[in-house]
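Undergrad: Sharing a structure with you now.
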Amino acid sequence: MAKQTKPNASENMNYDTVKLRQFIQDYFSSEELRTLLFDYFRSVHDNLTDGMTKNRYVLLLLEYCHNHGKMPDLLAAIQRERDFFQPDDYMQGQKAPTAGPATPTPITRNPRQIFISHAHQDAEVAKRLAHDLEAHGYDIWIAPDSIRPGEKWVEAINRGLEESGIFVLLLSPDAVASRWVQMETNAAIEFEHEGEMHFYPLMLRACRLPAIWRAFQYISFRGASELGLEQLLSVLEPHAAALKMIRIPSGRFLYGDNKEIIYLDEFWIAKTPITNTEYKRFLDANPKYKVPFADEDWAKPYNWNRRKRIFPDGKAFHPVVLVSWHDAIAYAEWAGMKLPTEEQWEKAARGTNGEEFPWGNEWRENYCNTSEARLGTTSPVGQYSPHGDSPYGCVDMSGNVWEWVDSWWDATQTTRVLCGGSWNLVSKDARVTFRFKDYPNYSDLNIGFRVVSSTASKS
């Protein structure tokens, strides 16, 4: 199994770095040393600059290997390139650890091994993601940790791509500019087309993607990496996916424009509006239930394919829309939950102190998806997290989509309340106390919902 990290073979070992430095100086020209770094120590090679001397190359290499526990890798690389090199001669009174190139073995693709492709500028995020995925039982291939001693970088990448059943790409301007990320990604896309590998791009920072990469729906990792991890796990393990629920403690809060003091018992509310991915689980379990669809031109970007019963391309993690109040109730009952009351929804959105918006009393640009954001459509849930979150951590309580709640508009009991504003309305309509109404059988391109439970067991 490939792991994120491997045992540090250089611990408790004493290396004669002075003698090793002299060997490298004597038996590698400047160009040969650059090639050695390119083939085996890409992290060092990427930090070389014009005008550096060979002596500086050697110092950077030894410093990197010493600080990162890579001395066995260095001995193995030198031995592979200079077969007369004897590693034991460079140990101080000890025998060098066995670290030769691995004997070639038949490669078997592991469906639970994830190859993480990233630019070296994004290494910290990549390693944190690797750690989180390992905690969920996945094997990880990530450079440079998964490169074996004495194995060239290209050989290791080829092995990782052949071994891994899942390819995760961290998207950023640096990644798009990286020749190695480009090659890894294009190879992974070929494997994906051949049915040998699953391909999942994660957007770290906004960037212009090559045309072929745009065919894949990306998961947002901008700002809210925890939510991004949840979304990645939901596509990796769709049958094990569960809604993330937020606990709203019992107690009083200020309700409505008049800030009336009312009391609510504890409840749990979905962190996000129900997404297309989550709604599809409901439809898959109820194959005769109609999919979201309206036979109108304005609905085309949001219509599901009625024959294949799948949501529109690129909208896996957008809120489901074109759903009526009755559709929302049907989903909630299937999930063993309910729609929130207007009071529950508002407390989850504003906290106890009567704030106008989830984040405070003042409107802020780029805190939610309203017409001011100029997106002109729904957005992936959590795109404005964490800065747009409510005091309890609920996302998209202002903007993106209106949300059905369980409350009647008035005593006539003909229309239901909608809360939260939407992507095509202005900021004043996204205040947490702003109410809208519609008939329970109505659906639109800017109406969705979220659910609540009285117990934590639904999370």
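The values are calculated or read from the model by the stated rules, or taken from the named source; none is laboratory data. Only a predicted model underlies this, so the values are computations on that prediction, with no experimental measurement involved. Positions of Cβ are generated from backbone atoms using ideal geometry, with glycine treated the same way; all protein chains shown enter the neighbour counts.
Undergrad: Pull out all pairs, ordered by first then second residue, where Cβ-Cβ is under 7 Å, the residues are six or more apart or on different chains, the first lies in the stretch 201-220 and is of a type in the set (Val, Ile, Thr) and modelled with pLDDT under 90, and the second is crowded, with 16+ Cβ neighbours inside 10 Å and assigned to a loop (DSSP other than H, G, I, E, B).
TA: Within 7 Å, the pairs are Ile219/Phe317.
Undergrad: Output the qualifying pairs, or none if there are none: Cβ atoms under 8 angstrom, residues six or more apart or on different chains, first residue in the stretch 316-339 and assigned by TED's automatic domain parsing to the domain that holds Cys368 and assigned to a loop (DSSP other than H, G, I, E, B), second residue acidic (Asp, Glu) and surrounded by fewer than 24 Cβ atoms within 10 Å (Cβ to Cβ).
TA: Val321/Asp444; Leu322/Asp444; Leu339/Asp406
Undergrad: Of the residues that make up the stretch 318-332, is at least one surrounded by 21 or more Cβ atoms within 10 Å (Cβ to Cβ), more than 20 Å from Asp438 (Cβ to Cβ) and either in contact with a strand residue (DSSP E or B) (Cβ under 9 Å, 6 or more places away or on another chain) or not charged (D, E, K, R) (or both)?
TA: yes
Undergrad: Then there's this: Kindly establish whether Ser234 is of a type in the set (Gly, Ala, Ser) and within 17 Å of the chain's Cα centre (by Cα).
TA: Here the answer is yes, as Ser234 does meet what is asked.
Undergrad: Return the residues of the stretch 183-219 that are of a type in the set (D, E, K, R), farther than 19 Å from Gly382 by Cβ and not in a helix (DSSP H, G or I); say none if nothing qualifies.
TA: Glu194, Glu196, Arg208
Undergrad: Still on this model: Of the residues Asp406, Asp410, Asp444, Asp396, only one is in a loop (DSSP other than H, G, I, E, B), in contact with a Lys or Arg (Cβ under 9 Å, 6 or more places away or on another chain) and surrounded by 17 or more Cβ atoms within 10 Å (Cβ to Cβ); which?
TA: Asp396
Undergrad: Continuing with this model, one more query. Going through the stretch 111-121 one residue at a time, which ones are outside any strand (DSSP E or B) and surrounded by fewer than 23 Cβ atoms within 10 Å (Cβ to Cβ)?
TA: Matches in the stretch 111-121: Ala119, His120, Gln121.
Undergrad: While we're looking at this one, here's another question. Restricting the stretch 310-334 to residues that are among the small types (Gly, Ala, Ser) and over 25 Å from the mean Cα position of the chain (by Cα), which is modelled with the lowest pLDDT?
TA: Ala332
Undergrad: Filter the stretch 7-39 for residues that are aromatic (Phe, Trp, Tyr) and at pLDDT 90 or above; which is farthest from Phe85 (Cα to Cα)?
TA: If we take residues in the stretch 7-39 being aromatic (Phe, Trp, Tyr) and at pLDDT 90 or above, then Phe28 is farthest from Phe85 (Cα to Cα).
Undergrad: Inside the stretch 42-81, can you point out the residues that are over 19 Å from Ile142 (Cα atoms), in a helix (DSSP H, G or I) and of a type in the set (Asp, Glu)?
TA: Across the stretch 42-81, the qualifying residues are Glu63, Glu81.
Undergrad: With assigned by TED's automatic domain parsing to the domain that holds Gln344 and either in contact with a His (Cβ under 7 Å, 6 or more places away or on another chain) or on the phi > 0 side of the Ramachandran plot (or both) as the only criterion, which of Gly393, Gly388 stands out?
TA: Gly393
Undergrad: Those residues that are crowded, with 16+ Cβ neighbours inside 10 Å, part of a loop (DSSP other than H, G, I, E, B) and in contact with a strand residue (DSSP E or B) (Cβ under 8 Å, 6 or more places away or on another chain), I need them from the stretch 359-384; list them, please.
TA: Within the stretch 359-384, Trp363, Tyr367, Cys368, Thr370, Thr378, Ser379, Pro380, Val381, Gly382, Gln383, Tyr384 meet the criteria.
Undergrad: What are the residues in the stretch 160-182 that are in a helix (DSSP H, G or I) and either touching a residue at least 24 places away in the same chain (Cβ under 8 Å) or in contact with a Pro (Cβ under 9 Å, 6 or more places away or on another chain) (or both), if any? Can you show your working first?
TA: Just the residues of the stretch 160-182 that are in a helix (DSSP H, G or I), to begin with: 160-163, 173-177, 179-182.
Once the filter is applied, which keeps residues that are in a helix (DSSP H, G or I) and either touching a residue at least 24 places away in the same chain (Cβ under 8 Å) or in contact with a Pro (Cβ under 9 Å, 6 or more places away or on another chain) (or both), the stretch 160-182 yields Gly160, Leu161, Glu162, Glu163, Pro173, Asp174, Ala175, Val176, Ala177, Trp180, Val181, Gln182.
Undergrad: Going by the structure shown, is Gln231 under 26 Å from Gln113 (Cβ atoms), in contact (Cβ under 8 Å) with a residue 12 or more places away in the chain, assigned to a loop (DSSP other than H, G, I, E, B) and not basic (Lys, Arg)? Lay out the reasoning, then the answer.
TA: Numbers: under 26 Å from Gln113 (Cβ atoms): yes; in contact (Cβ under 8 Å) with a residue 12 or more places away in the chain: yes; assigned to a loop (DSSP other than H, G, I, E, B): no; not basic (Lys, Arg): yes.
No, not satisfied.
Undergrad: Quick check on the stretch 275-287. Is at least one of its residues charged (D, E, K, R) and more than 25 Å from the chain's Cα centre (by Cα)?
TA: The answer is no, given that none of the residues of the stretch 275-287 is charged (D, E, K, R) and more than 25 Å from the chain's Cα centre (by Cα).
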